[in-house]
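Presented below is the structure to which this report refers.
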Amino acid sequence: MIQLEHFSIRLGGRVLFKTDTMQLHPGWKIGLTGVNGAGKSSLFAALLGKISGDEGSLTRPESWTVAHMAQEIEALDLPAIDFVLSGDEEYWKIQTQLNDSDKLSNDDIAQLHGRFDEINGYTAFAKAAQLMAGLGFSEQQIRNPVASFSGGWRMRLNLARTLMSRSDLLLLDEPTNHLDLDAILWLEDWLNSYEGTLILISHDRDFLDSVTDHILHIENQKLTLYTGNYSSFETIRSERLAQQQQAFEKQQETRAHLQKFIDRFKAKATKAKQAQSRIKQLERMQDLAPAHVDTAFTFSFREPTKMSSPLLTLDDVTIGYPNKEIASQINLQITPSSRIGLLGMNGAGKSTLIKSLVGDLPIQHGERKASELLNIGYFAQHQMDALDGNASPMLQLARIADPKISEASLRSFLGSFGFSGERMDTVCENFSGGERARLALALIVWQRPNVLILDEPTNHLDLDMRHALTMALQDFDGAVVLVSHERQLISSVCDDLILVHGGQCQNFDGDLVEYAKWLREARQQQMNAQNALDAKNTPKKIDKEAQRKAAAKKREQTRPLQKNIEKVEKKIEKLQEQLQKIEVLLADTTLYDENRKDELLKIMDEQSNLKNDLEKNEEMLLEQMMELEMLEESFSE
């Protein structure tokens, strides 16, 4: 387990955080939270052994394999599948040695093949391909060089490479930032089945809720461990904050804001199943909102200057690129009250539809009708990239503002997006992703659009800013078209869901829970179709009957030995569980008090006996596995 004893880290003479005594046990899935700059990355660095604490100690088992997702990746010529496979370091090392076997003796080669089999090396390629497929890579892409992928897709490769490691401790820093919703749902399933210890930094509340069972929170220079997922932590923390009068008053304002919205929306509750789901989500947000009473972000969308209905219409439209049709027969009308969430698997055409709505991509067939009063506020990654790196936030806002607006008003507006006095006048060339996203969003808000088209607006935003964006979108008087991997944002903002799939754009009548179910079924259908194709293309065996008889004979002769091995493995597993319980007892500092001396000695004796039994069973297991290996080799001779 990971043990922290009065551990603290300083940065530039400032204490980032300090801890009391705490243990993080094997198999826990921990969400590491806190505001930007609180010390989350520093704790990761300490766990990786890259930095040491200023006081106390942080220890973990030396035998553990630690996997950590890097934030950058070089433009390598290495095929993507090989890059992912290199995440299993032992597999990659053995494979490299076997590829240069001229320098090895026969004994060396035999040992390498034996170890290769033990680590399931022969199925590694299939595992890597499955990881890449889950993260959205097509079968054709997996052999493309790493350098051919964009930055966001390289981050997916980094994630796949990290997951490929047979790790005991997995450290993930914002793994969902460059993923769409279907890839996130796949990642949730993968992490829920991960058997090691997971420590995760994420600003996605639903993702944290689905994956974590503990929250490690940094606040006011203190690291505190909470049992439960993020929602449980948020409720506990909000109750503590509510005890402070000032925080309580602001909390009440937040509750009143949400209740006002719910009251207004309930009149439409019978219109659709999605409406009912949205009310439930808003009620949940009401309970969680007090955790944000200390947020620095509070902003609202300015009222659109002019409005008409409809604002934008697609009539029997076909979208796509030259020589490549993406979807057809699209009929979509956007009115001031439209709240649309776009769903669909990676590559289905969500971004293509958005570009066609905005007008960046010409339609191939049909008609796009735009009102003369249409004023689109479009947020996407390239808007962030298009910011003037040599200009400050103040200068970029002043360029689009009426010269009559006072500087104080401009500064107050930027302040609501988290820009301090100093940051307002700093050129944004070296701004973080979060700062650039906030600035791009602020410039859009200032221009008073009547249609917001948002493509993954929460990438790079922290939890507080995401909460502020959700609240602002709920009160926005215009139309919203949203693509987001954040389920709470979709549920809280969107009335209607549109599914882009199979060259069609159709209303999705269910909620996001039902969409997750649909997505898993669609993936399974794709997998079944691929397996059927692979089976069809696999050459038939020459002598199936002979192979069947040989396999049956092998099973018959090895079965008794395999059963014995399974019994010993179960015994070892039970002994390890008992030892783990003993270690938990020994971690209790009160056990070492003088009045508990007899209890301590008894526990230590039990620990010694368990270790002896474990050692004997491990030796027995090794002997039986060697015997099985020799028996299996006799069949191959």
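The values are calculated or read from the model by the stated rules, or taken from the named source; none is laboratory data. This structure is a prediction, so every number in the text was calculated from the model and none was measured. Methodologically, a virtual Cβ is constructed for each residue, glycine included, from the backbone with ideal geometry; neighbour enumeration extends over all protein chains shown.
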Revision key, fill the gap. Across the stretch 1-44, the tally of residues that are of a type in the set (A, V, I, L, M), in a strand (DSSP E or B) and within 27 Å of the chain's Cα centre (by Cα) stands at 8
Practice item. Quickly run through the stretch 97-132 and pick out the residues that are in contact with an Asp or Glu (Cβ under 8 Å, 6 or more places away or on another chain) and free of Cβ contacts under 8 Å to residues at least 12 places away in the same chain. Key: none
Exercise for review: Specify the residue that is surrounded by the most Cβ atoms within 10 Å (Cβ to Cβ); the eligible residues are those in the stretch 414-452 that are among the small types (Gly, Ala, Ser) and under 25 Å from the mean Cα position of the chain (by Cα).
Suggested key: 437
Check your understanding: Can residue 184 be described as among the β-branched types (Val, Ile, Thr) and surrounded by fewer than 23 Cβ atoms within 10 Å (Cβ to Cβ)?
Key -> yes
Check your understanding: Only one of 243, 274 is at pLDDT below 60, assigned to a loop (DSSP other than H, G, I, E, B) and either loosely packed, with under 13 Cβ neighbours inside 10 Å or within 29 Å of the chain's Cα centre (by Cα) (or both); which?
Key -> 243
Review point. Does the stretch 358-369 include one or more residues that are within 28 Å of residue 153 (Cβ to Cβ), assigned to a loop (DSSP other than H, G, I, E, B) and of a type in the set (D, E, K, R)?
Key: yes
Exercise for review: Please work out if residue 372 is assigned to a strand (DSSP E or B), out of contact with any Asp or Glu (no Cβ under 7 Å at 6 or more places or on another chain) and modelled with pLDDT under 95.
Suggested key: no
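Quick one: count up the residues across the stretch 157-181 that are charged (D, E, K, R) and surrounded by fewer than 22 Cβ atoms within 10 Å (Cβ to Cβ).
So in the stretch 157-181, the residues charged (D, E, K, R) come out as 161, 166, 168, 173-174, 180.
When the remaining residues are screened for being surrounded by fewer than 22 Cβ atoms within 10 Å (Cβ to Cβ), the result is 166, 168, 173-174.
Qualifying residue count for the region: 4.
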Practice item. For residue 89, indicate whether it is among the acidic types (Asp, Glu), closer than 17 Å to residue 196 by Cβ, surrounded by fewer than 18 Cβ atoms within 10 Å (Cβ to Cβ) and more than 21 Å from the chain's Cα centre (by Cα). Key: yes
Check your understanding: Which one of these is surrounded by fewer than 18 Cβ atoms within 10 Å (Cβ to Cβ), closer than 28 Å to residue 501 by Cβ, of a type outside the set (Ser, Thr, Tyr) and out of contact with any helix residue (DSSP H, G or I) (no Cβ under 6 Å at 6 or more places or on another chain): 325, 372?
Key -> 325
Exercise for review: Would you point out the residue of the stretch 492-502, among those that are in a loop (DSSP other than H, G, I, E, B) and crowded, with 16+ Cβ neighbours inside 10 Å, that is nearest to the chain's Cα centre (by Cα)?
Suggested key: 494
Revision key, fill the gap. Of those in the stretch 400-417 that are assigned to a loop (DSSP other than H, G, I, E, B) and of a type in the set (Ser, Thr, Tyr), the residue modelled with the highest pLDDT is 406
Check your understanding: Restricting attention to the stretch 155-174, which residues are within 15 Å of the chain's Cα centre (by Cα), at pLDDT 90 or above and among the hydrophobic types (A, V, I, L, M, F, W, C)?
Key -> 157, 159, 160, 163, 170, 171, 172
Check your understanding: Quick one: is residue 435 within 20 Å of residue 179 (Cβ to Cβ) and among the charged types (D, E, K, R)?
Key -> no
Review point. Could you say which residue among 51, 81 is among the aliphatic types (A, V, I, L, M), buried (at least 19 other Cβ atoms within 10 Å of the Cβ) and in the same structural domain as residue 126 (by TED's automatic domain parsing)?
Key: 81
Review point. Could you count how many residues in the stretch 329-352 are outside any loop (DSSP other than H, G, I, E, B) and over 22 Å from residue 492 (Cα atoms)?
Key: 4
